[in-house]
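Visitor: A single structure is presented below for examination.
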Protein chains: 2
Amino acid sequence: MNEDALITIIEKDKSLSYAGCGLPYYISGMVSEPRALMTTHDGDIRDQEFFGKIKDIEVLNRTRALAIDRKNKSIVIEDLKLGKRSEINYDKLILATGSKAKMPRIKGIDKKGVYSLHRVEDAEGLRRELRGNKAKDVVIIGGGLLGAVTAEALSRRGSRVNIVDSCDQILGFLDREMAYLVQNHFEERGVRVLLNSKVEAIRGREHVEWVKVKNYLFRADLIILSTGVKPEVSLARKADLELGSTGAIKINKYLQTSDPDIYAIGDCVENKSLITGKPVYTPLGSVATRHGRFAGINVTGGSEEFPGVLNSMIIKVFDYNVASVGLNEKEAFREGFFPVSVIVPGPDKDHYLPTAKLIYIKLVADRNSRKILGAQVIGRGDVSKRIDVIATAISAGMGVNDISKLDLAYAPPYSSAMDIIITAANVLHSKIEGNYVGISPLKLKEKIAAKEDIILLDVRSHYEYDRISIPGSIHILLNTLRGRLHQLPKNLEIIICCRSGINSYEALRILKANGFPNVQVLDGGILTFFGEIIETY
Amino acid sequence: MNEDALITIIEKDKSLSYAGCGLPYYISGMVSEPRALMTTHDGDIRDQEFFGKIKDIEVLNRTRALAIDRKNKSIVIEDLKLGKRSEINYDKLILATGSKAKMPRIKGIDKKGVYSLHRVEDAEGLRRELRGNKAKDVVIIGGGLLGAVTAEALSRRGSRVNIVDSCDQILGFLDREMAYLVQNHFEERGVRVLLNSKVEAIRGREHVEWVKVKNYLFRADLIILSTGVKPEVSLARKADLELGSTGAIKINKYLQTSDPDIYAIGDCVENKSLITGKPVYTPLGSVATRHGRFAGINVTGGSEEFPGVLNSMIIKVFDYNVASVGLNEKEAFREGFFPVSVIVPGPDKDHYLPTAKLIYIKLVADRNSRKILGAQVIGRGDVSKRIDVIATAISAGMGVNDISKLDLAYAPPYSSAMDIIITAANVLHSKIEGNYVGISPLKLKEKIAAKEDIILLDVRSHYEYDRISIPGSIHILLNTLRGRLHQLPKNLEIIICCRSGINSYEALRILKANGFPNVQVLDGGILTFFGEIIETY
């Protein structure tokens, strides 16, 4: 923005400007060297020389910023190669100090073979451990975003991987029935998931050999810590810059800290949720990159506003694409909304093509305002498109009905004539209007466990019913239902299930019209209840 | 919506409710039988029995509606099997008469072997022609959406395919420089494209053997007519229902015709453009499907509004995904906007992954309002996501800057940390602000043809420059540019080119800051100028 500005980057590590989100792909071997993570897509390596000759920006790497003197507008820095301290002045300062891995308190955590995966150096250490297939057994502590991706990377390199998580599900950004589907896929691919479990101790001589979980000992040649990150705010705190309720640096919409000449961006700051308006900590590369652009504009005299975030995220674990945006149902309750949700499994493209793949979409809206609050989309098919369309819709404040009216581009290799997100919005609309009455698979499981007196009516084909069905369910083919209504009692709660939900809905409409007072559809059908049993169309 | 309603479907053909957009995939053999196009994604065949037993809807197939008696609210119908006429009453009537293929006036068009591809019966006839590889040479008249898809289908079955189009480009919904890239891909895959050409005559004994184009004779064992469709409005016209300026049936936002008890939906109606507010004819399956749902709600007492369309479309031709939404630049000019556009080629996911593929995005906005007017996205990578996000953004009335602020979900296998649509919006923003000055590849080609006195400055690597470059361009490496500014004249127009545009922009900023008054970047770089020369990252 300003060719005359004197710009200096102070970086404590050797490397700068690398794609940290690509590190798991370096671990898996899909990316062969860290240098690839530092190039532009036109092939330039973003090193000191690049910044110097092309951008006219001075890079001081292996240099640590020790303190900010806000009165004199200067920073004390230390050259880590020479151990020399000096001072550097600023008119505008941008803090981009990032985050650091949370370290759980576990006995033996300082043994060799315990890694977090945060910097290039971590990844290089890990690659060394993996050489010669020494890491036969790996324990990953924490089944969040990074833990899940690293589990796949290490499993692909031939390790036996166990994920240990203290919660009752992995991937806390998902609702439980959606996380369950991903867990199924992990287990299908040989990754064991231990829930409600803590690593109580790490054992071994110098190097890790065993971990203790619930009084069992598991072999572990390698341990990955992925229990989350926290903002690196020590420099900001020392300079008395205001921190927010999340513990990260507080910024205004122009990305300024409590000192208007100091901006802060990336993993060290807290953002505003576009849905609740509240501060949230979202240490994500996509957010940081947008921060960077706006801060660059603003320190050179601009006034771009950064509106906030939706907590949009996506990961790939084996054949599953797993994505989420906005609030999940748990969070929506907690934030005081009246959430209503549906789960719709369906093909990602026209089902008659051999390339069609199953995806599950859970759409959450507020019953009062009918605005979309969030979505979770997972499965083998194209998840990424659906999550980004919904992210855009939420940004625009769209309601359920607005999604139904979207003019999305259709051809058989890309979607159904009515895309699954439109179908999901239609079902949600019907649910709010009372035409569709549904029960979540989690609630049905609770009812079955409590031995409630319900009728479970399965309307699938003979073939499907014989293959797998919910124990105790009765079977009536949908096309014979109108003639067999007298066989169903009107005084009991009836829960209808089919493969995905569409035929149950037909059955619901028939029963409702014929005076059955208490009928519900199993949301997401047998596919969601059991996890994936049939993969293609 | 109403279990008590008596619902009748009148259909002149045998089959109903099939996925017409899937017919090219039946031609190519990817779908093995038309029955697959009539199933729901849970496996039910949508035949007469399905509608009868499950939906309680009577289907009169092989029955033609001859006339509507609006006064008495009845329809004269003819049973085509028995040749018997009768009358049927209605309270509410929905016209879904569809469209028919336009028939160009060509001598010999009635010969055997000339097909349009509109109904199941057309596709079955075509499949018979293809048996035993008799159709060695195929001529496709019209290089629009259907022509392009059919060209691929027939090429995949082993035919030599020629597309003949009377315009100066194929795929009229694209701007010319984008259509050129698709045409390149066709030719790479062995499909010949003849532009500015008309089939003047079809020759042969009973069956087609030759076509005459510009005084040349081409072998043709099979001819496909794909010069577009027109609405089937004869029933509506006879009933004095109002037709619109496009020739299709006029409807209001509730999908009612000029007779409030008669609704019309699908390919026989005209829609409202959400961008211009004007009537447009958009015979697309995605639009028809949404019409269908809303009409069903409205004839049973609801009042859902159908807001209009964006002309969103997407097709797959060989390895290329080709999509468009809203207005292209030509149309935007014609509609009185002040369009400003950019072309950004880039990877569809993080470029360091071996799965990354090139896509080109052209984003068009109005210079005054800064609102997005349309986009064209093409290439081997994930195009579909980008077009649907932009469709959603246009529906919400978003401006260029709103796209820059979208919180899209990021991980390396799905996008760059800053997705290419955000990059495109950023470039467009810079262009509107005057920080980026660009020239389209079409305009540069005109300047070169007119032998204008310009400096073409190529800032790519030696390797890239040696491989292919624009004749007459001078070569200065970007990282040496600051030291070699004295070699460039300040009195001439300088046009900078690089691979995609990012390095040209760096060069532009350097030259501008150093007092060069007349500098521009080649929009979309060498990749767009020459068509695709490097496919992976």
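Visitor: In square nanometres, what is one fourth of the surface area of the convex hull spanned by the alpha carbons of the stretch A:175-218? Could you put the intermediate results ahead of the total?
Guide: Values: hull surface 16.0 nm².
Convex hull of Cα atoms, orientation-averaged projection: 4.0 nm².
Visitor: Same structure, new question: Just to be sure I understand the curve: with the Debye formula and one point per C-alpha of chain A, what is log10 I(q)/I(0) at q = 0.09, 0.10, 0.11 Å⁻¹?
Guide: -0.77, -0.93, -1.08
Visitor: Would you calculate the volume per residue, in Å³, of the smallest convex hull containing every Cα atom of the protein assembly as shown?
Guide: Values: hull volume 204.7 nm³, N = 1074.
With only Cα atoms used, the protein assembly as shown gives 191 Å³ per residue.
Visitor: Cross-link partners among lysines for B:K71, C-alpha distance below 16 Å, same-chain residues fewer than 8 apart left out?
Guide: B:K92, B:K238
Visitor: Which percent, to the nearest 5, of DSSP beta bridges fully inside the protein assembly as shown are antiparallel?
Guide: Details: 112 of 188 bridges.
Given both bridge residues lie in the protein assembly as shown, the antiparallel proportion sits at roughly 60 percent.
Visitor: Take every Cα-Cα distance within the stretch B:468-537, group them into 5 Å bins from 0 onward, and report for each bin the whole-number percent of pairs it holds.
Guide: That works out to 3, 16, 27, 26, 16, 7, 4, 1, in percent per bin.
Visitor: Still on this structure: At a probe size of 1.4 Å, how large is the accessible area of A:R157, to the nearest 10 Å²?
Guide: Here the accessible area works out near 90 Å².
Visitor: Could you report the buried accessible area between B and A, both sides summed, computed with a 1.4 Å probe and given in Å² to the nearest 100? Could you put the intermediate results ahead of the total?
Guide: Numbers: alone 26050 and 26090 Å², together 44120 Å².
That pair of chains buries around 8000 Å² in total.
Visitor: To the nearest whole number, what is the average tally of beta carbon atoms from other chains within 10 Å of the beta carbons of peptide B:349-358?
Guide: Numbers: counts 1, 9, 7, 15, 5, 4, 1, 1, 0, 1.
Across B:349-358, the average partner-chain Cβ count within 10 Å equals 4.
Visitor: Under 13 Å Cα-Cα from B:K81, which aspartates and glutamates qualify once same-chain neighbours fewer than 8 residues away are excluded?
Guide: Qualifying aspartates and glutamates at Cα under 13 Å: B:E11, B:D13.
Visitor: Shifting gears a bit: Between A:K12 and A:K198, what's the calculated FRET efficiency when r is the beta-carbon distance and R0 is 35 Å? Round to 0.05. Walk me through the numbers before you get to the answer.
Guide: Numbers: r = 33 Å, r/R0 = 0.93.
Using R0 = 35 Å, I get an efficiency of 0.60.
Visitor: I've got another one for you. So how exposed is B:M1, as accessible area in Å² (1.4 Å probe, rounded to 10)?
Guide: Accessible area, nearest 10 Å²: 120 Å².
Visitor: Right, another one. Dividing the alpha-carbon radius of gyration of the stretch A:381-446 by 2.2 N^0.38 Å (N being the number of residues), what value is obtained?
Guide: Numbers: Rg = 13.6 Å, N = 66, 2.2 N^0.38 = 10.8 Å.
So the Cα radius of gyration is 1.26 times the expected 2.2 N^0.38 Å.
Visitor: Shifting gears a bit: For B:I9, list long-range residues whose amide hydrogen, built 1.01 Å from N in the peptide plane, is under 5 Å from its own amide hydrogen.
Guide: B:E58, B:V59, B:L60
Visitor: Charges at C-beta only: +1 for Lys and Arg, -1 for Asp and Glu. How large is the resulting dipole of the stretch B:385-520 about its Cα centre, in Debye rounded to 20? Can you show the working numbers first?
Guide: On the way: 16 positive and 13 negative charges, 54 e Å.
In total the dipole reaches around 260 debye.
Visitor: At 222 nm, what value in deg cm²/dmol follows for chain A if DSSP H runs of at least 4 each add -39500 (n - 2.57) and the sum is divided by all its residues, to the nearest 500?
Guide: Numbers: 14 runs with 132 residues, N = 537.
Result for chain A, helices only: -7000 deg cm²/dmol.
Visitor: In Å², what does the accessible area per residue of the protein assembly as shown work out to with a 1.4 Å probe?
Guide: Working: 44120 Å² over 1074 residues.
Solvent-accessible surface per residue comes out at 41 Å².
Visitor: Another one. Straight-line reach from A:K73: which aspartates and glutamates have Cα under 12 Å away, leaving out those fewer than 8 places along the same chain?
Guide: In chain and number order, the partners are A:E87, A:D91, A:D259, A:D261.
Visitor: Could you list which residues have their amide H under 5 Å from that of A:D458, counting only those 5 or more apart in sequence or on another chain, with H placed in the peptide plane?
Guide: A:I474, A:H475, A:I476, A:C497
Visitor: Hey, can you rank A:3-9, B:390-396 by average C-beta count inside 10 Å, highest first?
Guide: Working: A:3-9: 13.0, B:390-396: 25.7.
So the order, starting with the most tightly packed, is B:390-396, A:3-9.
Visitor: Hey, any idea what % of the stretch B:52-117's accessible area is carbon plus sulfur with a 1.4 Å probe? Kindly include the intermediate steps, with their values, before the conclusion.
Guide: On the way: 1850 of 4150 Å².
So the carbon and sulfur contribution to the accessible surface is 45 percent.
Visitor: I want to check a number: in the stretch A:403-537, how many lysine pairs have alpha carbons closer than 23 Å, given a sequence separation of 8 or more or different chains?
Guide: Summing the qualifying lysine pairs gives 14.
Visitor: For the stretch B:421-489, what is the largest minus smallest coordinate of the Cα atoms on each principal axis, given in angstrom and ordered from greatest to least?
Guide: 32, 31, 26
Visitor: While we're on this one: Which of the residues in the stretch B:51-82 lose at least 20 Å² of accessible area when you go from the chain alone to all protein chains together (probe 1.4 Å)?
Guide: At a threshold of 20 Å² (probe 1.4 Å), the residues of the stretch B:51-82 that become less exposed are B:K53, B:I54, B:K55.
Visitor: Mind pulling the per residue volume of the convex hull built on the Cα atoms of the stretch A:210-250? Å³ is fine.
Guide: Values: hull volume 4.5 nm³, N = 41.
It is 109 Å³ per residue.
Visitor: With a cap of 14 neighbouring Cβ atoms within 10 Å, and only residues DSSP puts in a loop, list the GluC sites (Glu not before Pro) found in the stretch B:309-415. Present the calculation step by step, with values, prior to reporting the outcome.
Guide: Values: sites: B:E329, B:E331, B:E335; in loops: B:E335.
Hits after loop and neighbour filter: nothing returned.
Visitor: Okay, moving on. Karplus couplings for the stretch A:406-422 from phi (6.51 cos²θ - 1.76 cosθ + 1.60, θ = phi - 60°), rounded to Hz, Gly and Pro as x?
Guide: With the stated coefficients, the stretch A:406-422 comes to 5, 9, 7, 6, 10, 8, x, x, 10, 6, 8, 4, 10, 4, 4, 6, 6 Hz.
Visitor: With the full set of protein chains in place, find how many percent of the accessible area of the stretch A:325-408 is carbon and sulfur; take the probe as 1.4 Å.
Guide: Values: 1100 of 2180 Å².
Carbon-and-sulfur percentage of accessible area, whole number: 51.
Visitor: Sticking with this one: Looking only at other chains, what is the average number of their beta-carbon atoms within 10 angstrom of each beta-carbon in A:317-323? Before the final figure, lay out each step's value.
Guide: On the way: counts 0, 0, 0, 0, 3, 1, 3.
Taking the mean over all residues of the peptide, I get 1.
Visitor: Moving to a separate point now. Across peptide A:280-293, what mean number of C-beta atoms from other chains lies inside 10 Å of a residue's C-beta?
Guide: Working: counts 0, 0, 1, 0, 5, 7, 12, 3, 2, 6, 9, 0, 2, 5.
Mean shielding count: 4.
Visitor: Quick query: amide H of A:K349 versus all other amide H atoms, modeled in the peptide plane; which residues come in under 5 Å with a sequence gap of 5 or more or a different chain?
Guide: Here the answer is A:K357, since their amide H atoms fall under 5 Å of that of A:K349.
Visitor: Moving on to the next point. Provide a list, ordered by number, of residues in the stretch B:445-489 showing at least 40 Å² less accessible area with every protein chain present than when their chain is taken on its own, using a 1.4 Å probe.
Guide: SASA drop of 40 Å² or more in the stretch B:445-489: B:N479, B:R482.
Visitor: Per residue of the stretch B:210-221, what does 6.51 cos²θ - 1.76 cosθ + 1.60 with θ = phi - 60° give for ³J(HN,Hα)? Whole Hz please, x for Gly and Pro, Karplus curve as stated.
Guide: In residue order, the calculated couplings are 9, 10, 9, 10, 6, 6, 9, 9, 10, 4, 8, 8 Hz.
Visitor: Show me, for the stretch A:173-179, the HN-Hα J-couplings you get by feeding each phi into the Karplus relation (A = 6.51, B = -1.76, C = 1.60, θ = phi - 60°), rounded to Hz, glycine and proline as x.
Guide: 6, 9, 6, 4, 5, 7, 4
Visitor: Helix A:120-130 sits at what angle to the longest principal axis of chain A, using alpha carbons and giving 0 to 90 degrees rounded to 10?
Guide: 60
Visitor: Roughly how many percent of the accessible protein surface of the stretch A:123-251 is carbon and sulfur, given a 1.4 Å probe and a whole-percent answer?
Guide: Working: 2580 of 5690 Å².
That fraction is 45 percent.
The values are calculated or read from the model by the stated rules, or taken from the named source; none is laboratory data. Bear in mind the structure is a predicted one, so any value in this text is a computation, not a measurement. With ideal geometry, Cβ positions are generated from the backbone for all residues, glycine too; neighbour counts draw on all protein chains shown. Heavy atoms of the whole protein, side chains included, go into the accessibility calculation; ligands, DNA and RNA do not. Shrake-Rupley method; radii C 1.70, N 1.55, O 1.52, S 1.80 Å.
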